[in-house]
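See below for the structure under consideration.
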Amino acid sequence: MVGVMELYAMLRAGSMDFVGQKQAFNMQFYFIWASGVIGFLHGFFAQRFLYTFAWVFGTSAFVALTCLPPWPMWNRHPVAWLEPKDRDEDDEPKAKKETSSAKKAAKKKNK
């Protein structure tokens with residue numbers, strides 16, 4: 001179980017892994033679509049657009065509170081990043097050598 005201060009630190013750090021991003025996206029997508037269909041049917045049979053709006057708005061608010069903050073449930077598969085390598089002077093990128101066809105093309109332009 002996560003304590004209140006640990007939860008606050010996690011929310012403040014804002015870390016969410018790639019699997020959590022996909023899960024949050026899918027949750028938003030399916031919840032809002034389902035509430036739109038339910039809200040449309042409820043509003044259609046009641047002949048009140050307000051019911052449709054209430055379903056979609058309520059679900060959007062719920063999804064925003066659930067998916068936007070980086071809750072610990074969205075960071076269950078953290079990425080293990082590699083340590084950066086020390087860069088030596090030998091690691092500097094070198095200029096590419098021109099190929100023979102590029103040299104020929106340059107000579108033709110100069111003539």
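Assorted remarks:
- Looking across region 65-81 at every residue that is touching a helix residue (DSSP H, G or I) at 6+ places or on another chain (Cβ under 6 Å) and in a helix (DSSP H, G or I), the one that is surrounded by the fewest Cβ atoms within 10 Å (Cβ to Cβ) is identified as Pro72.
- Matching residues in region 38-49 - criterion: being more than 17 Å from Met27 (Cβ to Cβ) and either assigned to a helix (DSSP H, G or I) or small (Gly, Ala, Ser) (or both): Gly39, Phe40, Leu41, His42, Gly43, Phe44, Phe45, Ala46, Phe49
- For region 50-64, the count of residues that are in contact with a His (Cβ under 8 Å, 6 or more places away or on another chain), assigned to a helix (DSSP H, G or I), of a type outside the set (A, V, I, L, M) and exposed (fewer than 11 other Cβ atoms within 10 Å of the Cβ) is zero.
- Considering region 1-34, and only residues there that are among the small types (Gly, Ala, Ser) and assigned to a helix (DSSP H, G or I), the residue that is modelled with the highest pLDDT turns out to be Ala34.
The values are calculated or read from the model by the stated rules, or taken from the named source; none is laboratory data. None of the values given here were measured: they were computed from a predicted structure. A quick note on method: Cβ atoms are made from the backbone with ideal geometry, for glycine too, and the neighbour counts reach across all protein chains shown.
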